[in-house]
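The values are calculated or read from the model by the stated rules, or taken from the named source; none is laboratory data. Not measured: the values here are computed from a predicted model. Reconstructed Cβ throughout: ideal geometry from the backbone, glycine too, with neighbour counts over all protein chains shown.
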């Protein structure tokens, strides 16, 4: 098949009619499909259904601590050890919390707002014109946190190996730039794994703000999609790396079990160096006596070490792979004939990032909605929801079944083609 | 036996020698007893050991929602209904969270610090000289929250029916006074139940600050110590009461299951009127996607309604009563001969509040420590840890076994007598 750029006006009109017919046929089916959020599928959740059975062996830790009672604010040692092992750091650097790492990130910046960081000239709430770097496309909920907290969101282009460091190094010369969002492994939504060079430059760069912070959201650190370990994303221990460059306080790292066991009943953690940890603990120990330790115990009994976690993640991968494959197969089949668009083929994480013909993403999403396919709003992966190219659409294939993914991605593809053809016709007119 | 005030100097010296002998004998036993914190005893925790067995019936709510996955930020309806029923309010006014209500209170004030309340002239962090009312004696962790957040702590005397409202009504004429801590049912540590009059005056009073807030920590709302329902503390629904006086936004109410099921794996909630709730949700929905819903489901299956909770609490009471009785019996036996001291006989909650001869509490606690009895530091129940009378000592009899309570309270009583006698001798000198 010819590419659209090679088609005549008449051919484009004919193509548009054929596509519109297909689109209307799909609409007539009254579908309800949802590709919006990176939610685990029921089959994935089923993998952990036995987790609470482990409590049959009682509620004591290996050190004979009663998880049912108050105390042990940073979390039981066993769970801190597993998180430390996964993140490549020391147990002492880990503080565990309830539920989501998003909660931990929000709370961490809230503390900075009110109390400042250990090396802050003043609390961040008092910094007029405070700014935050947002590698984009990125995670909409990250951006919402810093937007809500009054930061100006500064977009940074994403390259194939992480944020554009030339841009970052320039931007951090502004003392009002207080931090940067990073999803270093299988980034949301592009699936990028940061290169060693990017990690090094982030750790090493000179920042004007003495209290600049990297929020290293390692949300997908063990969320590989392939069994081939040589293809797994891997990263340096960012805490040590920052320390080695004399910037020991620069990074907070975050992770959680949300997409390992239960998204609705997870355990989160943050990792920090000694100074940041002591600073945080001053306030964490005022905020709460402890988090849910029984849940921690159930987790460590169910997945007692890093290797057990990795094996468990391969069961997730086995469920997820056919979904990503379905997504790719329909995209190839429908859109492979032209290079007006492109999409990612991540080795881990939860998303396929689709780049439509520039200027069409918003229209595609609204056409899909009319046909019963819910997609993340176009631009959602950009600061303020504004994709300057109106091109990126984040596809989340984890939750729906393969058959639904095929239908949804086919409708998306048809809409991508219709809108592209319409654009071309406009340009010809 | 004669009261100390009626004794001659010689009699007092003799008494002191006898008491010192008893004290030294106890010291020789090298005891390690802990009466510091209101922790449930293992036997109490055992009452809920089967809670997670209820998950054998699957992870779906009655509305077929999957608690294992993301979503339902305010908590599942079933748990909100139970909390609403217990607090005498509507389900829509309830937002549930993880772990402790302390966490909810801290977060609520953090939001006010950064964003202000819905009716605030400005965020509280920008209010120089902000103040908070602290009925005292009260809960040390409450005081620590507002102290950490830069509020001046203003003590308010506690009467037998709640805070001294004449004092409160005067103090709230200061626009920098932004709120008040209240534990309205079985207050920590005095076991006071607020009277209807106190509740009404709190709801009705005119406050200079338009964004004045009552933090109504209903920590012990179902924590009765007696089976006789006519003796149970009961309170008006503070949300309605405030609304009825035209102060609908005045109150946040808090509660948790920490001392109902597991202190280390509880569910907390806050209750708020529509305006406060909508305001809070703006930020709560940025902070987290949801809290631990599987734990919520286990809780509602284990204790499906208010009556089930009340029955469960009677099992706690059966375990706690002998401990409170042991405490009282030793106090009566050792100290009943004189009225230099007094103590509370609460109908619920977790504490016996002991009032030593003024000026002796610090010494008593340090003598007890030397004899292996850990007590809450004297003054801990007062703002900044300063009891102006140096008299109050909070006793927490829930955790130790009866035999240990008897020993600990006997040692406390001996120390109370020694220090009192010493004071009298000083006064005679």
With the requirement that a residue be modelled with pLDDT of 95 or more, facing chain B (nearest Cβ under 10 Å) and over 25 Å from residue A:63 (Cα atoms), what does region A:261-286 give you?
A:262, A:263, A:282, A:283, A:286
Which ones in region A:66-86 are touching a residue at least 24 places away in the same chain (Cβ under 8 Å), assigned to a loop (DSSP other than H, G, I, E, B) and either facing chain B (nearest Cβ under 10 Å) or more than 26 Å from residue B:41 (Cα to Cα) (or both)?
A:67, A:68, A:70, A:71, A:72, A:76
The one condition residue B:268 fails out of (1) touching a strand residue (DSSP E or B) at 6+ places or on another chain (Cβ under 9 Å); (2) more than 11 Å from residue B:98 (Cβ to Cβ) is (2)
Mind telling me which of the residues A:27, A:14 ends up being farther than 26 Å from residue B:100 by Cα, in a helix (DSSP H, G or I) and in contact (Cβ under 8 Å) with a residue 24 or more places away in the chain?
A:27
Consider residue A:394 against the criteria (1) farther than 22 Å from residue A:407 by Cβ; (2) in contact (Cβ under 8 Å) with a residue 40 or more places away in the chain: it satisfies all of them except one. Which criterion is unmet?
(1)
Among residues of region B:38-49 being in contact (Cβ under 8 Å) with a residue 40 or more places away in the chain and facing another protein chain (nearest Cβ under 10 Å), the residue nearest to residue B:138 (Cα to Cα) is B:38
Region B:87-112, residues that are over 28 Å from residue B:157 (Cβ atoms) and either touching a strand residue (DSSP E or B) at 6+ places or on another chain (Cβ under 8 Å) or within 14 Å of chain A (Cβ to nearest Cβ) (or both):
B:89, B:93, B:94, B:95, B:96, B:97, B:98, B:99, B:103, B:107, B:110, B:111
All but one of (1) at the interface with another protein chain (Cβ under 10 Å from one of its Cβ atoms); (2) within 20 Å of residue B:179 (Cα to Cα) hold for residue B:55; state the number of the condition that does not hold.
(2)
Looking at the structure I just gave you, is residue B:322 on the phi < 0 side of the Ramachandran plot, away from chain A (no Cβ under 14 Å), surrounded by fewer than 16 Cβ atoms within 10 Å (Cβ to Cβ) and in contact (Cβ under 8 Å) with a residue 40 or more places away in the chain?
yes
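If you scan region B:165-176, which residues turn out to be touching a strand residue (DSSP E or B) at 6+ places or on another chain (Cβ under 9 Å) and either without any contact (Cβ under 8 Å) to a residue 12 or more places away in the chain or crowded, with 22+ Cβ neighbours inside 10 Å (or both)?
Within region B:165-176, the first condition is being touching a strand residue (DSSP E or B) at 6+ places or on another chain (Cβ under 9 Å), and the residues that meet it are B:165, B:167-168, B:171-172, B:174, B:176.
If the condition is that a residue be touching a strand residue (DSSP E or B) at 6+ places or on another chain (Cβ under 9 Å) and either without any contact (Cβ under 8 Å) to a residue 12 or more places away in the chain or crowded, with 22+ Cβ neighbours inside 10 Å (or both), then B:167, B:168 are the ones that fit.
For region A:335-387, which residues satisfy the criterion of being assigned to a helix (DSSP H, G or I) and within 19 Å of residue A:422 (Cβ to Cβ)? Steps first, answer last, please.
Taking region A:335-387 as the starting set, the residues that turn out to be assigned to a helix (DSSP H, G or I) are A:335, A:361-370, A:383-385.
Hits for region A:335-387 are A:335, A:361, A:362, A:363, A:364, A:365, A:366, A:367, A:368, A:369, A:370.
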Regarding region B:303-324, can at least one residue be identified that is at pLDDT below 95 and part of a loop (DSSP other than H, G, I, E, B)?
no
Return yes or no: is residue A:349 buried (at least 24 other Cβ atoms within 10 Å of the Cβ), at positive phi and modelled with pLDDT of 95 or more?
yes
If residue B:21 passes every condition in (1) touching a helix residue (DSSP H, G or I) at 6+ places or on another chain (Cβ under 9 Å); (2) surrounded by fewer than 18 Cβ atoms within 10 Å (Cβ to Cβ); (3) under 24 Å from residue B:374 (Cα atoms) but one, which one does it miss?
(1)
Scanning region B:122-138 for residues that are within 12 Å of chain A (Cβ to nearest Cβ) and buried (at least 22 other Cβ atoms within 10 Å of the Cβ) gives B:124
Among (1) within 23 Å of residue A:289 (Cα to Cα); (2) in contact with a helix residue (DSSP H, G or I) (Cβ under 7 Å, 6 or more places away or on another chain); (3) crowded, with 22+ Cβ neighbours inside 10 Å, residue B:99 falls short only on (2)
Give region B:288-319 a look and list any residue that's under 30 Å from residue A:108 (Cα atoms) and either out of contact with any helix residue (DSSP H, G or I) (no Cβ under 9 Å at 6 or more places or on another chain) or surrounded by fewer than 17 Cβ atoms within 10 Å (Cβ to Cβ) (or both), or say none.
B:290
Quick one: count up the residues across region B:145-162 that are within 27 Å of residue B:123 (Cβ to Cβ), crowded, with 20+ Cβ neighbours inside 10 Å and without any contact (Cβ under 8 Å) to a residue 60 or more places away in the chain.
5
For region B:361-379, give me each residue that is touching a strand residue (DSSP E or B) at 6+ places or on another chain (Cβ under 8 Å), surrounded by fewer than 23 Cβ atoms within 10 Å (Cβ to Cβ) and more than 21 Å from residue B:19 (Cα to Cα).
B:376
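Can you confirm whether residue B:48 is surrounded by fewer than 20 Cβ atoms within 10 Å (Cβ to Cβ) and part of a loop (DSSP other than H, G, I, E, B)?
Working: surrounded by fewer than 20 Cβ atoms within 10 Å (Cβ to Cβ): no; part of a loop (DSSP other than H, G, I, E, B): yes.
Taking the combined requirement at face value, the residue does not satisfy it.
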Filter region B:243-273 down to residues that are in contact (Cβ under 8 Å) with a residue 40 or more places away in the chain and in a helix (DSSP H, G or I), then give me how many there are.
1
